[in-house]
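Peer 1: Sharing a structure, written as structure tokens. Questions coming.
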């Protein structure tokens, strides 16, 4: 009888462990599918103190993805403290920047977290920090610093930073104008990669084709890019060009 009881307990423990493992894997799959609500239901059934850096971030972003920003903030802070997770710093910075938790904007903390992420080599941190320097948000405007950060981010594969860096080359950031280099950078980008809320890809490339300053004068292509920039993003410059 005692042996049967031991066997039964062992069976329950083994299967419980397998169930837990599979459940977390299911949560991971839901997260990858951006089904944050379903992922959250599973993640919260486990002790987050035992999560690794990736799963802890997934938990935080599942809260974020379901608009539970204050809970997300707590998890991201935990991830930074426990793992020095740079992506947690980036998303936490955005919460501070936009005042998503308690409607409290804190640009100082946003800047500090973007800076920390950037110094850790995080491309998203570098990109967002560049925007702060470019627009003079919290910190004094510094186009040289912005240009360097865009370059740093695009070298790590950030498409938005690559476009912003190219745009900066046409606008003379830090006293340097290089329209041909800007054209080289933009002309090889696959439009399908341009999946973020930025219209400068279309406006800049349109201008380079229209003026020929990138090395190729092509009004048909210029019209195409202006049209896309206007239709997709309502870019004023592109729309004005369409109406001329």
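Peer 1: Among the numbered conditions (1) in a helix (DSSP H, G or I); (2) surrounded by 15 or more Cβ atoms within 10 Å (Cβ to Cβ), tell me where residue 189 comes up short.
Peer 2: (1)
Peer 1: May I pose another question? Six or more apart or on different chains, Cβ under 6 Å: which pairs go from a residue in the range 208-223 that's in contact (Cβ under 8 Å) with a residue 24 or more places away in the chain to one that's surrounded by 18 or more Cβ atoms within 10 Å (Cβ to Cβ) and part of a loop (DSSP other than H, G, I, E, B)? Could you list them?
Peer 2: Here the result reads 208/214, each pair linking the range 208-223 to a residue that is surrounded by 18 or more Cβ atoms within 10 Å (Cβ to Cβ) and part of a loop (DSSP other than H, G, I, E, B).
Peer 1: Please find, among 136, 121, 125, 160, the residue that is closer than 28 Å to residue 204 by Cα, under 17 Å from the mean Cα position of the chain (by Cα) and surrounded by fewer than 17 Cβ atoms within 10 Å (Cβ to Cβ).
Peer 2: From the options 136, 121, 125, 160, the qualifying one is 121.
Peer 1: Further, regarding this structure: Going through 220, 204 one at a time, which residue ends up being assigned to a helix (DSSP H, G or I), over 30 Å from the mean Cα position of the chain (by Cα) and either on the phi < 0 side of the Ramachandran plot or in the same structural domain as residue 165 (by TED's automatic domain parsing) (or both)?
Peer 2: 220
The values are calculated or read from the model by the stated rules, or taken from the named source; none is laboratory data. Remember, it's a predicted structure, so these values are computed and weren't measured experimentally. Glycine also receives a Cβ, built like all others from the backbone with ideal geometry; neighbour counts cover every protein chain displayed.
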